[in-house]
1. Of everything in region 123-144, what is outside any helix (DSSP H, G or I) and either of a type in the set (A, V, I, L, M, F, W, C) or within 16 Å of ligand 2 (Cβ to nearest atom) (or both)? Give them in sequence order.
2. Just give me the residues in region 266-317 being away from ligand 1 (no atom under 16 Å from the Cβ) and at positive phi, in sequence order.
3. Considering region 227-257 alone, what residues qualify as being touching a strand residue (DSSP E or B) at 6+ places or on another chain (Cβ under 9 Å) and on the phi > 0 side of the Ramachandran plot?
4. When you go through (1) away from ligand 1 (no atom under 12 Å from the Cβ); (2) in a helix (DSSP H, G or I); (3) of a type outside the set (A, V, I, L, M) one by one for HIS53, which number turns out not to apply?
5. Among the numbered criteria (1) open to solvent by 20 Å² or more (accessible area, probe 1.4 Å); (2) modelled with pLDDT under 90, which single criterion is violated by GLN456?
6. If you take the residues in region 89-122 that are in contact with a Pro (Cβ under 7 Å, 6 or more places away or on another chain) and within 16 Å of ligand 2 (Cβ to nearest atom), which one is modelled with the lowest pLDDT?
7. When you scan region 176-190, do you find a residue that is open to solvent by 10 Å² or more (accessible area, probe 1.4 Å) and either in contact with a Ser or Thr (Cβ under 8 Å, 6 or more places away or on another chain) or within 14 Å of ligand 1 (Cβ to nearest atom) (or both), even just one?
8. Based on this model, can you work out whether ILE69 counts as surrounded by 24 or more Cβ atoms within 10 Å (Cβ to Cβ) and either at pLDDT below 90 or within 16 Å of ligand 2 (Cβ to nearest atom) (or both)?
Amino acid sequence: MESKVLGRIGPGVAKSGCAAAGSCGGTDEQLAHLPEEIRKKVYNHPCYSEQAHHYFARMHVAVAPACNIQCHYCNRKYDCANESRPGVVSELLTPEQAVKKTLAVAATIPQMAVLGVAGPGDPLANPERTFATFRALSERAPDIKLCVSTNGLALPDWVDELAKYNIDHVTITINCVDPEVGAGIYPWIFWNNRRIKGVKGVKILIERQQKGLEMLVERGILVKVNSVMIPGVNDGHLREVSRVVKQKGAFLHNVMPLIAKAEHGTFYGVMGQRGPTHGEVQALQDACAGNMNVMRHCRQCRADAVGLLGEDRGAEFAMDKVEAMEIDYAAAMKRRARVHAAINEELAAKRAGAVYMSPAPPSAAKQYRPVLMAVATAGGGLINRHFGHAREFLVYEASSQGVRFVGHRKADRYCGGDDTCGDGESTLAGIIRALEGCEALLCSRIGYEPWELLEQAGVQPNGEHAMEPIEEAVMAVYREMIDLGKLDADPGAMQSKARA
Ligand code: CLF
Ligand code: SF4
């Protein structure tokens, strides 16, 4: 299994992932133009490289409970195993426990390349705990990349310490560069032992974020900027954020949709602030992409997430289970090196055969309208997930220009187990809503019932490309649609007719 690495990683292996802290996430094409020294830093980081996220995993350790600001979208909450969003964790760890857990995961899931501290509060508002974890891991597991995500308020004080542990990747959540906009997002900050409210506090936060960004760039540390898109609050402002952070040297911009529900207990949730639609997020990402590399594959992970992005294997590594594991990390490092080398070999072969790049467009002579397709995958860049087992679908756009990844859609699993498989049209109705705008669904297998209902809803299921590389399969289906004359009709009209 170590040569053709990659389907699911390991045997069946848990705020934020950067909320405190989401095309690039560097696409393969974009990465190809980077200097060798930068490519080395991002090739196996699942957040900084879109390509890597199909192959390499990350994990977070929840060692940082406190925060020094308040965001209207945050409520740090514990013991919610079913919720996947920033700020949520099942158990808070001491640095010693975090180190044990990291070694256990890295030994069990050799594709785990990055350890991030991302919450549930702000890592740099908990510097002792955060740096004790980094210090121990830089000594005991030098093959793991270290990553941190912060709101930026304390950042300038800790840049040199971050550089000391060879931390090459820092995420700063920057939702505004204008304090008037920020006053609608941050009610207060805690600064120099005082709570400072409103515009005055936001002004300090913005100054510190920008200073921290500049200091990191000066030291050659890659900076990703995460921004939460809040309709009516900062959505019209984020292009300016993108322009400013790019000018200062940020590597990547991750525009993430606001998650706000009343049951989360956040200010926005309770006040009924809506999150953006898929279309609004994609339009803003496309607009920001004119300024800089944009990440589109962020999964807004929990602060204790484990596994490939979009996958949550945290339950397999609860502390009671970790304490019972015997880990020989020296042996694990050898195995990890072999697995990483095999992945790199496979990726290099794909690049050499140019199959990983966008497949040739169907026709240079005629331009056809773009089509969105949903894909069920378990990793490895392949169509290798059964429809009924998918908890998310990747969305690709095929057009006369080629194939590009545009995002993902979360959904409930259609097949919940032996006796709940096909449990109902309500699950399927939810999946169909999640797939809005998609005209095809590629998966390794799909049952007759969901097939029929998806087809009736205007989403054509397709199981003919099982185990094929995603981009090639998407382009093949696009060509079939052209050959069948399906792209001559208006898709909106077809889907509304199908849904009626
Ligand atoms: Fe974690 Fe963040 Fe590092 Fe990634 S997450 S600390 S950069 S290792 Fe990644 Fe998760 Fe999105 Fe963050 S998918 S929330 S961008
Ligand atoms: Fe929550 Fe603090 Fe992160 Fe804002 S910065 S999302 S308040 S933990």
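The values are calculated or read from the model by the stated rules, or taken from the named source; none is laboratory data. Remember, predicted model here, so these are calculated numbers, not experimental data. Methodologically, a virtual Cβ is constructed for each residue, glycine included, from the backbone with ideal geometry; neighbour enumeration extends over all protein chains shown. Heads up: the accessible areas ignore ligands, DNA and RNA and are worked out on the full protein's heavy atoms, side chains in. Shrake-Rupley method; radii C 1.70, N 1.55, O 1.52, S 1.80 Å.
1. ASN126, ALA141, ILE144
2. GLY272
3. Result: GLY249, single match.
4. Among (1) away from ligand 1 (no atom under 12 Å from the Cβ); (2) in a helix (DSSP H, G or I); (3) of a type outside the set (A, V, I, L, M), the lone unmet condition for HIS53 is (1).
5. Every listed condition holds for GLN456 apart from (2).
6. VAL89
7. For region 176-190, residues open to solvent by 10 Å² or more (accessible area, probe 1.4 Å) and either in contact with a Ser or Thr (Cβ under 8 Å, 6 or more places away or on another chain) or within 14 Å of ligand 1 (Cβ to nearest atom) (or both): absent.
8. Here the answer is yes, as ILE69 does meet what is asked.
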